[in-house]
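Let me begin by presenting the structure, written as structure tokens, before commenting on it.
The values are calculated or read from the model by the stated rules, or taken from the named source; none is laboratory data. What you see is a predicted model; the values in this text were computed from it and never measured. Quick reminder, even Gly has a Cβ in these numbers, built from the backbone with ideal geometry, and neighbours come from all protein chains shown. Quick note on the areas: whole protein, heavy atoms, side chains included, nothing else; ligands and nucleic acids left out. Shrake-Rupley method; radii C 1.70, N 1.55, O 1.52, S 1.80 Å.
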Amino acid sequence: MRIRVLGCSGGIGGGLRTTALLVDEDILIDAGTGVGDLSLESLARIDHIFVSHSHLDHVASIPFLVDTVCWMRGSPIVVYGIKETLDILRAHLFNWKLWPDFTQIPDAEHPFMVYREIRVGETVELGARRFTAIPANHTVPAVGYALDSGRAALIYSGDTWVNDGLWHAVNTTPHLKYLIIETAFPDKEHEIAAASKHLCPRVLAQELGKMRATPEVYITHLKPGEGALTMKEVSEAAGRWRPRMLENNQEFSL
Ligand SMILES: [Zn+2]
Ligand SMILES: [Zn+2]
């Protein structure tokens, strides 16, 4: 299982892209603006999209992706998410106003896109690859995902604040090799972080204190313009876990 980072920023500008991970050639974990860097052929190979939550920085490329490749494909793109997330996408994005409802195009029997509801704790198996929704604590209903190849596992926190459910997953996932966890704000914006249910470095450090496993730790969702400051604070507050900044185009293999 190969995982490539297509976007790992809290925003755009310069080389920055919002959150998306490409798994092998056919799966996305979130579909932020980084998806737009893929070639047309690569876009057409995406069969499955696991959505962490409905915020635009995580779903912005789904409408364009479906619209761009639908004529090149023989099967629908499957969008996975918890019920609350899919309900928001139905009501507020693919609602014929902001974008057409591609679950009805060209017709409901042969659509270009389908929704597949998953529950927190549920695992979707795609060949030997396993994707489990894990709890997140954010301003809208949200999950993270655990990815497991059978040999090794990676956990992606999604957008989250203080979250004991994440640490339960981290501490009980066998052969956990990587943890990708958000830290969206520097400590001076602690109150904004708490209100928007994102982590800042000192809360990250408190959270990492709950970890019993020893994965490599990568920090994602840094706010544009404040990434260097936030990573400096992360190193000071949480240095014992040796967290590194997640980089665009970085690859992991499981
Ligand atoms: Zn969010
Ligand atoms: Zn986000």
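Surface exposure of the stretch 1-130, expressed per residue as accessible area with a 1.4 Å probe, stands at 45 Å². Size descriptors for the stretch 31-81 (Cα atoms only): Rg and Dmax, in that order, 10.3, 29 Å. Could you tell me which of the pairs Lys83/Lys210; Lys197/Lys223; Lys83/Lys223; Lys177/Lys210 are separated by over 24 angstrom between their Cα atoms in the structure shown? Correct reply: Lys83/Lys210; Lys83/Lys223. GNM on the chain, alpha-carbon springs under 10 angstrom: the most fluctuating residue among Ser52, Ser157, Ser149 is Ser149. Solvent-accessible area assigned to carbon and sulfur over the stretch 120-227 amounts to 52 percent, based on a 1.4 Å probe.
From the alpha carbon gyration tensor of the stretch 176-254, can you work out the equivalent ellipsoid semi-axes (sqrt of 5 times each eigenvalue) and give them in Å, largest to smallest? Display every interim value, and only then the final one.
Numbers: eigenvalues 79, 44, 23 Å².
They are 20, 15, 11 Å, listed from largest to smallest.
Using the Cα gyration tensor of the stretch 1-132, with a ≥ b ≥ c the square roots of its eigenvalues, what is the shape: rounded (a/c below 1.5), prolate (a/b larger than b/c) or oblate (neither)? Because its axes are fairly even, with a/c under 1.5, the stretch 1-132 counts as rounded. Computed log10 I(q)/I(0) for the chain at 0.08, 0.10, 0.14, 0.15 Å⁻¹: -0.29, -0.45, -0.89, -1.03, from the Debye equation with unit scatterers placed on every C-alpha and solvent omitted. Scaled to the globular estimate 2.2 N^0.38 Å, the Cα spread of the stretch 78-165, given as radius of gyration, is 1.24.
Each Cα pair under 8 Å and six or more residues apart adds its sequence gap; the mean of these over the residue count of the stretch 15-59 is a relative contact order of 41 percent. For a paramagnetic label modelled on Ala194 (point 7 Å from Cα along Cα→Cβ), amide N atoms under 17 Å away belong, within the stretch 205-219, to 205-207. Shape analysis of the stretch 105-254 yields a ratio of the Cα radius of gyration to the Kirkwood radius, Rg/Rh, of 1.02. Helical content alone sets the calculated 222 nm signal of the chain at -6500 deg cm²/dmol, taking -39,500 (n - 2.57) per DSSP H segment of four or more residues and averaging over every residue. Sorting 159-170, 106-117 by average packing, meaning the other beta carbons within 10 Å per residue, from highest down gives 159-170, 106-117.
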